[in-house]
């Protein structure tokens, strides 16, 4: 059985982070989302993965090449992003009778994939849906079962009667392609795979299985921080032998510290957290739990990083604070840049998504910063603000609204 991963979309709800990269290449605990998925598939016994790519596909192709661990990788370009059903249709001439399909914005475990495949085979199913229990059913496609038979999928019901959601992972046979040919565009002007599945449900051809294992859906910016915390908590963390920890630096395990990284005197690293290769941390800085610092990052004197993702090549200058934020690649913070993560009124932070302020459900959230952003000294960034790639923030500024690059 081959695996098909849908990784062609733009990820507009995650801008400005996805302004310069496809969503599956966003980092979680030191690896792109897509790498976690390919790792789970390889460890589950899959030997070939078809990646459906489109938006900024070069990022994916250059990173993974033609092979990852035990997986041979083929790329298929979805020239127009016309929905999930359209994305599945482009593999019609490239797959055999049975194949697994999954969305590329999930982080899943080997246990979950093996569980779905085993249940599918044991029950001699035609089409199988992976099902998971969710806290907020009105945000997902909710599935109704009769035994193992799927009788209904209802997208984002206002009054859900179940918490059993479609996980976005399927095992299909070739009859899915006939079903896709029969559907029309949805109100979003896309061909939805759930509409094709509904045709098969009417024929009694679809089984649903709730399986155990990691399943994280990353659709909005705060999901990225949640995923980072979950994965870091579950990881086996440890220091590379080629690291330098100076006298009077304190590292409270568990912490991952990559090759060539220097932890300077007076720094306090509190795990669990992830620090990549070639970084310089300190002196006298504080890295707090669930922070994920990518490769070649410099964290200067008296800097505090709290529960944030800092991407590769970024320099956070001395006397700065970054809390509950996602910072892009090759950014440069002027001294004294402070990212606020808590509103004065203590209300939940709102974040601009598709030009609309959206409640995050989080009491603490800092900023979303695209690649190559520069701030002058003593810049203050208010909670939930976005700064787009290549922007410059003048010294002494207070960022109260979204900043777009020219």
* Asked: Among the numbered criteria (1) touching a strand residue (DSSP E or B) at 6+ places or on another chain (Cβ under 6 Å); (2) farther than 26 Å from residue 93 by Cα; (3) buried (at least 23 other Cβ atoms within 10 Å of the Cβ), which single criterion is violated by residue 13?
  -> (3)
* **Lone qualifier among 365, 333 - being crowded, with 22+ Cβ neighbours inside 10 Å and in contact with a helix residue (DSSP H, G or I) (Cβ under 7 Å, 6 or more places away or on another chain)** => 365
* Say whether the condition of being within 22 Å of the chain's Cα centre (by Cα), at positive phi, modelled with pLDDT under 95 and surrounded by 20 or more Cβ atoms within 10 Å (Cβ to Cβ) is met by at least one residue in region 94-109. => no
* **One residue from 195, 217, 223 being free of Cβ contacts under 8 Å to residues at least 12 places away in the same chain and either over 18 Å from residue 99 (Cβ atoms) or touching a strand residue (DSSP E or B) at 6+ places or on another chain (Cβ under 7 Å) (or both)** => 223
* **Selection within region 19-38 - closer than 11 Å to residue 107 by Cα, in contact with a strand residue (DSSP E or B) (Cβ under 8 Å, 6 or more places away or on another chain) and free of Cβ contacts under 8 Å to residues at least 40 places away in the same chain** => 35, 38
* Residues that are exposed (fewer than 14 other Cβ atoms within 10 Å of the Cβ) and in a strand (DSSP E or B), drawn from region 62-73 -> 67, 72
* To do: For residue 347, indicate whether it is more than 21 Å from residue 14 (Cβ to Cβ), in a loop (DSSP other than H, G, I, E, B) and not assigned by TED's automatic domain parsing to the domain that holds residue 21.
  => yes
* To do: Might you let me know whether region 25-48 holds any residue that is modelled with pLDDT of 95 or more, surrounded by 20 or more Cβ atoms within 10 Å (Cβ to Cβ), assigned to a loop (DSSP other than H, G, I, E, B) and within 15 Å of the chain's Cα centre (by Cα)?
  => yes
* Asked: Can you spot a residue in region 170-179 that is more than 28 Å from the chain's Cα centre (by Cα), without any contact (Cβ under 8 Å) to a residue 12 or more places away in the chain, in the same structural domain as residue 107 (by TED's automatic domain parsing) and surrounded by fewer than 17 Cβ atoms within 10 Å (Cβ to Cβ)?
  -> yes
* To do: Grab the strands (runs of 3 or more DSSP E) fully contained in region 221-303, keeping just those with 3 or more residues being crowded, with 20+ Cβ neighbours inside 10 Å.
  => 255-257, 273-275
* **Matching residues, region 378-406, being in contact (Cβ under 8 Å) with a residue 60 or more places away in the chain and assigned to a loop (DSSP other than H, G, I, E, B)** => 388, 389, 395
* To do: With respect to residue 216, determine if the residue is under 30 Å from residue 6 (Cα atoms) and either over 23 Å from the mean Cα position of the chain (by Cα) or not in a helix (DSSP H, G or I) (or both).
  => yes
* Structure fact -> Among (1) out of contact with any helix residue (DSSP H, G or I) (no Cβ under 6 Å at 6 or more places or on another chain); (2) assigned to a loop (DSSP other than H, G, I, E, B); (3) over 30 Å from residue 357 (Cα atoms), residue 197 falls short only on (2)
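The values are calculated or read from the model by the stated rules, or taken from the named source; none is laboratory data. Keep in mind that this is a model prediction, so the values were computed, not measured. Cβ coordinates were reconstructed from backbone atoms using ideal geometry, including for glycine residues, and neighbour counts include every protein chain displayed.
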